[in-house]
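Colleague: The structure that follows is given in the form of structure tokens.
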Amino acid sequence: MRLKLVPSNTNIDFLRFRLVAVALSFFLVISSIALFSFIGLNLGIDFKGGILIEARHKDSPAEIGIIRTQLNELKLGDMSIQGFGTDTDILVRVQRQAGDESAQIAAIQKIGEALGTNYQIRRTEFVGPTVGVELAEKGALAVFCAILAIMIYIWFRFEWQFSIAAIIALLHDVLTTVGLFALTRFEFNLATVAALLTIAGYSINDTVVVFDRVRENLRRYKSYQLLEILNLSLNETLSRTVMTSVTTLLALIAIVIFGGAVLRDFALAMIWGVLIGTYSSIFVAVGALARFDLKRSNQDDDDVTKPEYERN
């Protein structure tokens, strides 16, 4: 027997709640902008600059959990420890220490002493604040270019109204994700930028599926009102939307539980992105589309009657 999370004959009036959704989305976006402006993000070493140390255990696999506990006792500030290459290698990132070059050297010496004689320091690097600023600029540029490319793609595939609705939903998802990181103080690093780009791709994929059904139904049901067509399209794609979201969430929850501290922030950003992306595809993108006067196709398609479950 096939598993169905959503019945095939759903007939939910989603757009009935569009004003509530507009108010909720407006609150989330304004709150996110305020949090980003007044609190800011907890930038990681990638953006702030800091110390990078590559070390290798001489005999056995590195025990990252124990190393993380030992190095956190040094009170050197934000720190990231992860496996690197083989199971004997580790990569330690520490925030830039206050002071000049001697302060950075002292921090490297403390880390070497804490690791002990079983670890061989293979490489040390110092990432200056200039590099961090450059990475931040490139990360912001990557997000902007991704959104612009998506807008152009939607514009050519559908019509300009669909493009505007999709970009509103995308900006909604990206801004609320940034607001989440400002609120929770999770570390914002290059992995988080990758999560933002992934969220944009996931959100637009779901939105395109709904928009494609809307376009099809605009040709098929010419006597329908626009809101009826939009609700019908949402109900017809609801099962696919829910199944995709649930299966993605199962994988992300597994990463949160078993992936360790390195992948936690990325996975949490993605979980929020899946949830907010599903919400925005239904209420933000289609809700924005409902405000446009969409033209009907001039093809000589026969007007199809209402589906059986709607007549009942």
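The values are calculated or read from the model by the stated rules, or taken from the named source; none is laboratory data. Note that the structure is predicted; figures quoted are calculated from it, not measured. Reconstructed Cβ throughout: ideal geometry from the backbone, glycine too, with neighbour counts over all protein chains shown.
Colleague: Taking the options VAL20, VAL29, name whichever one is in the same structural domain as LEU227 (by TED's automatic domain parsing) and without any contact (Cβ under 8 Å) to a residue 40 or more places away in the chain.
Modeller: Working: VAL29 fails: without any contact (Cβ under 8 Å) to a residue 40 or more places away in the chain.
Exactly one residue qualifies, and that residue is VAL20.
Colleague: Identify all residues within region 91-112 that are more than 27 Å from the chain's Cα centre (by Cα) and closer than 12 Å to ILE67 by Cα; write none if there are none.
Modeller: From region 91-112, those more than 27 Å from the chain's Cα centre (by Cα) are 96-112; that's our starting set.
Correct list: ILE111, GLY112.
Colleague: Restricting the search to region 127-138, which residues are out of contact with any Phe, Trp or Tyr (no Cβ under 8 Å at 6 or more places or on another chain) and in a helix (DSSP H, G or I)?
Modeller: PRO129, THR130, VAL131, GLU134, GLU137, LYS138
Colleague: Within region 71-126, can you find the residues that are of a type in the set (Lys, Arg) and not in a strand (DSSP E or B)?
Modeller: Taking region 71-126 as the starting set, the residues that turn out to be of a type in the set (Lys, Arg) are 75, 93, 96, 110, 122-123.
Passing the criteria: LYS75, ARG96, LYS110.
Colleague: If you don't mind, another one. Is at least one residue of region 170-178 β-branched (Val, Ile, Thr) and modelled with pLDDT under 80?
Modeller: no
Matching residues to (1) within 21 Å of the chain's Cα centre (by Cα); (2) surrounded by fewer than 22 Cβ atoms within 10 Å (Cβ to Cβ):
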residue	(1), (2)
SER163	yes, yes
LEU175	yes, yes
VAL178	yes, yes
THR184	yes, yes
PHE188	yes, no
VAL214	no, no
LEU226	no, yes
LEU232	no, yes
GLU236	no, yes
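Colleague: May I ask you to verify whether THR278 is modelled with pLDDT of 85 or more, among the β-branched types (Val, Ile, Thr) and within 25 Å of GLY44 (Cβ to Cβ)? Write out each step before concluding.
Modeller: Working: modelled with pLDDT of 85 or more: yes; among the β-branched types (Val, Ile, Thr): yes; within 25 Å of GLY44 (Cβ to Cβ): no.
No.
Colleague: Just a yes or no: is a residue in region 188-195 β-branched (Val, Ile, Thr) and within 16 Å of ILE45 (Cβ to Cβ)?
Modeller: Within region 188-195, the first condition is being β-branched (Val, Ile, Thr), and the residues that meet it are 192-193.
Checking which are within 16 Å of ILE45 (Cβ to Cβ) leaves us with 192-193.
For region 188-195, residues β-branched (Val, Ile, Thr) and within 16 Å of ILE45 (Cβ to Cβ): present.
Colleague: Please find, within region 283-305, the residue that is surrounded by the most Cβ atoms within 10 Å (Cβ to Cβ) out of those that are in contact with an Asp or Glu (Cβ under 9 Å, 6 or more places away or on another chain) and at pLDDT 80 or above.
Modeller: That would be ALA285.
Colleague: From the list ASP206, ASP212, ASP173, which one is touching a Gly at 6+ places or on another chain (Cβ under 7 Å) and over 30 Å from ILE39 (Cα atoms)? Walk me through how you get there before you give the answer.
Modeller: On the way: ASP212 fails: touching a Gly at 6+ places or on another chain (Cβ under 7 Å); ASP173 fails: over 30 Å from ILE39 (Cα atoms).
On inspection, the qualifying residue turns out to be ASP206.
Colleague: Follow-up question, since we're still on this one. Answer yes if at least one residue in region 81-88 is charged (D, E, K, R), surrounded by 13 or more Cβ atoms within 10 Å (Cβ to Cβ) and either under 30 Å from the mean Cα position of the chain (by Cα) or over 25 Å from ARG264 (Cβ atoms) (or both), and no otherwise.
Modeller: Within region 81-88, not a single residue is charged (D, E, K, R), surrounded by 13 or more Cβ atoms within 10 Å (Cβ to Cβ) and either under 30 Å from the mean Cα position of the chain (by Cα) or over 25 Å from ARG264 (Cβ atoms) (or both).
Colleague: Out of GLY132, GLY112, which single residue is over 24 Å from ILE271 (Cβ atoms) and at pLDDT 80 or above?
Modeller: Checking each option against the conditions leaves just GLY112.
Colleague: Could you say which residue among ILE154, ILE199, ILE204 is modelled with pLDDT under 80, in a helix (DSSP H, G or I) and surrounded by 21 or more Cβ atoms within 10 Å (Cβ to Cβ)?
Modeller: Numbers: ILE199 fails: modelled with pLDDT under 80; ILE204 fails: modelled with pLDDT under 80.
Matching residue, one of ILE154, ILE199, ILE204: ILE154.
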